[in-house]
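Contents: one structure, followed by commentary.
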Amino acid sequence: MNPEQYVQDKAAASGSSFYYAFLFLPKPRRAAITAFYAFCREVDDVVDEVSDPGVAATKLAWWRTEVAQAFAGTPRHPVMQALMPHAATYGIEARQLNEIIDGCQMDLDQTRYLDFTGLARYCHLVAGVVGEVAARIFGQTDPQTTAYAHKLGLALQLTNILRDVGEDALRGRIYLPVNELQQFDVKAHEILNRVHSDRFVALMKFQAQRAHAAYDEALALLPMADRRAQKPGLMMASIYRTLLREIERDDFQVLNQRISLTPVRKLWLAWKVQALGRI
């Protein structure tokens with residue numbers, strides 16, 4: 001299997017909504033974003049799939065070395081072999097890849113966030129920087145688009161956090177800020193034991209409002225000059241915001257199930273943005 005096929009298989013196998021946003025890109029940009037997304041999946045899988053934190057930390061350290069070697073001209077992993085031919089073309093930097101690894105390292109080092117400031121730092125690393133790189137690959141021309149990409153990354157990650165509260169609880173993780181749990185009188189053990197309550201719903205409504213505000217702020221930041229080029233990001237906004245509304249419609253029943261959209265619905269939402277420019 002060559003590197004290009006490896007990253008294609010990695011992206012497709014994830015079942016992620018990102019895959020649908022890539023379908024409409026010209027071939028060179030699609031190849032670049034697929035390789036970059038495969039890198040993100042690889043380092044994220046280290047945290048999610050390796051049960052021993054020490055082994056996971058060693059693997060992340062290996063990836064830092066691999067990033068350094070790749071930018072020095074000797075990539076070993078098929079993901080980096082697929083990504084490096086696009087790095088200069090789209091301004092992909094080692095700093096950005098290392099920041100994404102930093103975000104995954106945070107998952108090994110902490111399972112709680114005291115306040116939203118701390119959570120926002122985590123979101124910046126695992127999603128904002130991803131948005132920054134993606135915006136360049138999609139065809140950014142205006143520097144202001146970087147601010148849009150970071151804000152959209154925050155919105156998408158907050159939606160992920162709301163969707164995955166139950167799954168994260170099984171891993172002993174709670175991303176919802178501690179001081180906000182206290183504000184709504186939701187105990188950590190209730191989330192870890194996946195206890196749904198009116199207090200939990202109130203807390204989740206508060207979180208959902210923050211995510212909606214981030215979507216609105218992101219869309220307001222996108223310069224008109226880059227709106228066409230950034231359609232893949234707008235597709236993600238459409239898919240994830242629809243998911244957020246489904247979570248709200250289901251009364252935040254996320255502790256014991258995973259709420260998701262069907263592949264057909266994701267493709268329809270992506271096509272609407274591509275063909276009609278509507279979110």
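Thinking of the chain as a set of Cα atoms, what percent of all their pairs are more than 28 Å apart?
35
Taking Cα centroids, how far is the range 109-131 from the range 51-78 in Å?
Going from one Cα centre to the other spans 22 Å.
By how many degrees, between 0 and 90 and to the nearest 10, does the Cα long axis of helix 231-249 differ from the longest principal axis of the chain?
20
Out of the range 86-148, which trypsin sites (Lys or Arg not before Pro) are coil in DSSP terms and have no more than 15 other C-beta atoms within 10 Å?
When the trypsin sites (Lys or Arg not before Pro) of the range 86-148 are filtered for loop state and at most 15 Cβ neighbours within 10 Å, R112 remain.
Please calculate how many Å² of accessible area the chain carries per residue, with a 1.4 Å probe and no DNA, RNA or ligand atoms counted.
44
Using 0.36 nm per residue of separation minus the Cα-Cα distance, give me the extension gain between T58 and N193 in nm, one decimal.
45.5 nm
What number does the range 100-252 give for Rg over Rh if you use C-alpha atoms and the Kirkwood radius?
Rounded to two decimals, Rg/Rh equals 0.99.
Of all the accessible heavy-atom surface of the range 140-279, with the other protein chains kept in place and a 1.4 Å probe, what percent is carbon and sulfur?
Carbon and sulfur: 51 percent of the exposed surface of the range 140-279.
Just to be sure I follow the rule: in the chain, considering lysines 8 or more places apart or on different chains, how many pairs have Cα atoms under 28 Å apart?
Pairs that pass both the separation and distance tests number 19.
Using a basic spin-label model with each label point 7 Å from the Cα along Cα→Cβ, how many nm lie between Q257 and L108?
About 3.6 nm, to one decimal.
Using 1/(1 + (r/R0)^6) with R0 = 35 angstrom and r between the beta carbons of I279 and D115, what's the FRET efficiency to the nearest 0.05?
0.70
So how tilted is helix 53-71 from the main axis of the chain? Cα-based, degrees 0 to 90, rounded to 10.
On a 0 to 90 degree scale, this one is about 30.
Give me D for the range 3-92 in µm² s⁻¹, whole number, from Stokes-Einstein with Rh from the Kirkwood sum over alpha-carbon pairs, 37 °C and 0.692 mPa s.
Diffusion coefficient, whole number: 241 µm²/s.
In degrees between 0 and 90, to the nearest 10, how far off the longest principal axis of the chain does helix 3-14 point, with axes built from Cα atoms?
Once rounded, the angle reads 20 degrees.
The values are calculated or read from the model by the stated rules, or taken from the named source; none is laboratory data. It should be emphasised that the depicted structure is a prediction, and the values quoted were computed from it without experimental measurement. A quick note on method: Cβ atoms are made from the backbone with ideal geometry, for glycine too, and the neighbour counts reach across all protein chains shown. Only protein heavy atoms, including side chains, enter the accessible area calculation; ligands, DNA and RNA are left aside. Shrake-Rupley method; radii C 1.70, N 1.55, O 1.52, S 1.80 Å.
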